[in-house]
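These notes concern the structure reproduced below.
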Amino acid sequence: MRGFLTLVAAVLVGTPAFAQLGTFPSGTDIWQTGTGAVPGLFVARQSPNLAPAAPAQPVSNQSTPTSWPSWYPQVPGTPVAGGTLVTGITVGAFYDDNIFATNTNRLHDWAFFARPEFTWVKQGQNYTVATDGFVEGREYARFSSENQINGSLGASFTVMPDNNTQVVGGARYIHSNLSRGASETVVTTAAGSQLLSTLFTHPVAYDEGLESIALNKRYGNWWSSLGAAGLEIEYQNPTIGSISGVTPLTGTSVDLGYADGAIGAINGRLGYVIMPLTSVFAEVAGNTRDWGVSYFNSNGYRLVAGLLFEQGPGARLKGEFWGGYMNQMYNGTTMSTVSSWTYGVSLAVIVTDNVTAVVEGRREAKEAALGLALLPSGALGASAATCNIDAAVCVSAIESSIGGRVDYRIARNVVVGGGVTYLEDDYQGALAFGRVDRTLSPLASVKYFATPNITLGFDYRNVAFSSGGGLAPPPFTSVGAVPYARNIYLFSMNARW
């Protein structure tokens with residue numbers, strides 16, 4: 001989790017990776033409505049423990065973003081059980097020039113993947129129900145330790161009891177694997193302070209559940225939203241291998257029970273329509289973060305205000321942005337209270353008929369185990385006792401992300417895109433010794449719509465991870481991390497029918 005085992009390195013790992021590379025309308029953010037017309041930004045860095053949010057929005061009868069350019073071919077699907085079923089498959093290969101996300105002794109590999117997927121949608125006079133899912137198999141040419149099977153299954157609904165009332169909800173199950181380099185936790189080896197996840201015999205698998213529900217109402221130009229969302233996650237415990245040579249830690253298991261747990265969130269919004277499809281709003285939101293080791297537990301809230309842009313006829317901007325104040329208070333004595341500014345942005349813009357742009361970002365409080373300790377079981381891990389004596393370095397963190405991309409249709413069936421994402425984790429408290437992690441990731445893509453049913457794609461992403469601070473005088477534990485960089489080149493074909 002971030003702060004425990006966050007995806008600081010993966011470019012193609014994580015549930016939505018290949019779905020977003022193709023044109024298939026699937027995703028894992030059940031609290032977001034609609035399907036983005038361009039690939040997601042934070043595929044490489046999405047954390048399993050992002051705070052969930054309910055779909056807080058004005059009531060709308062618009063079921064599709066009617067003004068968004070239809071560059072990506074829309075297949076008609078097949079009538080099934082009163083709804084429409086769209087099936088598809090994405091296949092391809094990618095090359096990673098630093099498969100284990102290491103600072104030295106970089107190893108490369110090709111991987112091949114296949115991802116069958118489906119979406120089924122049924123719409124009635126006052127309701128919509130939908131379900132979607134996928135199974136993804138991945139096989140590496142040289143390093144079979146990285147082979148994996150991922151998948152997801154989810155469902156959502158919208159019900160309108162009357163023209164001014166809307167209930168929106170959904171649930172999703174995810175099975176996935178974290179990427180190499182996806183941990184802020186470090187261990188000291190001959191190569192220096194390495195990220196622990198670079199040493200595991202296999203990537204860490206996890207199971208995750210997401211749920212959300214919201215009640216949205218309109219009162220003339222005023223509107224309100226009350227919602228709740230939840231996330232549950234459980235990791236499989238890994239073992240340290242000998243990728244960087246045999247060390248005293250080789251063969252040691254890592255107990256990730258401290259990172260298993262749940263996040264609950266509630267929010268209330270009050271908005272006012274200041275012009276067609278545009279609202280100002282204020283929001284109060286609370287959360288509780290409950291982990292396997294209660295030392296990391298916390299409760300928090302945020303107070304924000306912002307602008308929301310609805311989809312609808314003539315709309316060239318959709319999404320929202322907001323800013324304000326957040327506060328998070330933790331159980332553990334070494335976990336500093338977070339009291340800071342916060343923001344959130346998720347906007348899609350039609351710049352011209354052939355150019356679109358998206359911007360996404362957020363800032364939130366999290367928790368981190370920068371170093372682990374030996375538990376009575378013989379495994380490495382964290383407990384209240386080890387956190388209190390600095391054997392395991394347990395701190396709070398502020399995670400900030402921002403990213404943008406532009407897509408340009410240069411020909412009738414060719415779209416090129418480019419952008420960049422930035423992620424910063426600022427670890428709080430004296431025991432972090434000023435450690436700040438930064439990851440800069442430029443990206444580029446080309447999509448060729450060979451037929452209405454088949455899309456060919458090329459995607460490139462560079463990941464540059466660096467970490468400053470973290471050096472501690474004896475007898476304290478140093479938590480600095482060595483940097484790494486990697487390049488990933490992906491070739492894909494998506495077919496839908």
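Structure data summary
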quantity: Relative contact order of region 173-239, defined on C-alpha pairs under 8 angstrom at six or more residues apart (%); calculated: 31
quantity: Accessible area of region 389-497 belonging to carbon and sulfur atoms, whole % at 1.4 Å probe; calculated: 69
quantity: log₁₀ of I(q)/I(0) at q = 0.15, 0.18, 0.19, 0.20 Å⁻¹ - region 345-435, Debye sum with one point per alpha carbon; calculated: -0.69, -0.82, -0.87, -0.92
quantity: Mean Cβ neighbour count within 10 Å, used as a protection proxy, ranking 142-151, 281-290, 178-187, 256-265 highest first; calculated: 178-187, 256-265, 281-290, 142-151
quantity: Value of relative contact order over the chain, rounded to a whole percent, pairs C-alpha under 8 Å and six or more apart; calculated: 15
quantity: Region 124-182 - percent of accessible surface contributed by carbon and sulfur, probe 1.4 Å; calculated: 56
quantity: Gained length - Y95 relative to T78, 0.36 nm times residue gap less alpha-carbon distance; calculated: 2.6 nm
quantity: Net charge dipole size for the chain [Lys, Arg +1 and Asp, Glu -1 on Cβ; Debye, nearest 20]; calculated: 980
quantity: Anisotropy class of region 90-181 from Cα gyration tensor, a/c 1.5 cut; calculated: prolate
quantity: Extended-chain gain in nm, criterion 0.36 nm per residue less alpha-carbon gap, A430 and A171; calculated: 89.3 nm
quantity: Prolate/oblate/rounded call for region 253-398, Cα gyration tensor, a/c under 1.5 rounded; calculated: prolate
quantity: Whole-Å semi-axes of the ellipsoid equivalent to the chain (Cα gyration tensor, √5λ, descending); calculated: 37, 28, 20
quantity: Derived scalar couplings ³J(HN,Hα) [region 131-140; Karplus, 6.51 cos²θ - 1.76 cosθ + 1.60; whole Hz; x for Gly, Pro]; calculated: 9, 8, x, 7, 10, 10, x, 9, 10, 9
quantity: Per-peptide average of other Cβ atoms within 10 Å, ordering 388-400, 69-81 highest first; calculated: 388-400, 69-81
quantity: For region 372-497: relative contact order, % (alpha-carbon pairs under 8 angstrom, 6 or more apart); calculated: 18
quantity: Region 357-383-region 411-469 distance, computed between alpha-carbon centres (Å); calculated: 21
quantity: Label-point gap, in nm, between A305 and K122 - each point 7 angstrom along Cα→Cβ; calculated: 4.5
quantity: Calculated FRET efficiency for the pair F321/N163, C-beta based, R₀ 30 Å, to 0.05; calculated: 0.60
quantity: In Hz, Karplus ³J(HN,Hα) per residue of region 329-345 (6.51, -1.76, 1.60; θ = phi - 60°; x = Gly, Pro); calculated: 10, 10, 6, x, 5, 8, 9, 6, 4, 9, 9, 7, 6, 8, 8, x, 8
quantity: Using θ = phi - 60° and Karplus 6.51 cos²θ - 1.76 cosθ + 1.60, couplings along region 260-266 (whole Hz; Gly, Pro as x); calculated: 6, x, 8, 10, x, 9, 10
quantity: Residue-normalised accessible area of the chain, given per residue in Å² at a 1.4 Å probe; calculated: 39
quantity: Portion, in percent, of the accessible area of region 210-335 that falls on carbon or sulfur, probe 1.4 Å; calculated: 63
quantity: Packing-based order for 356-364, 231-239, using average beta carbon neighbours within 10 Å, highest first; calculated: 356-364, 231-239
quantity: Projected area, mean over directions - region 154-270, Cα convex hull, nm²; calculated: 9.5
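The values are calculated or read from the model by the stated rules, or taken from the named source; none is laboratory data. Remember, predicted model here, so these are calculated numbers, not experimental data. Heads up, the Cβs are rebuilt from the backbone with ideal geometry, glycines too, and the neighbour counts pull from every protein chain shown. For the accessible areas, the whole protein counts, side chains as well, though only heavy atoms, and no ligand, DNA or RNA atoms are used. Shrake-Rupley method; radii C 1.70, N 1.55, O 1.52, S 1.80 Å.
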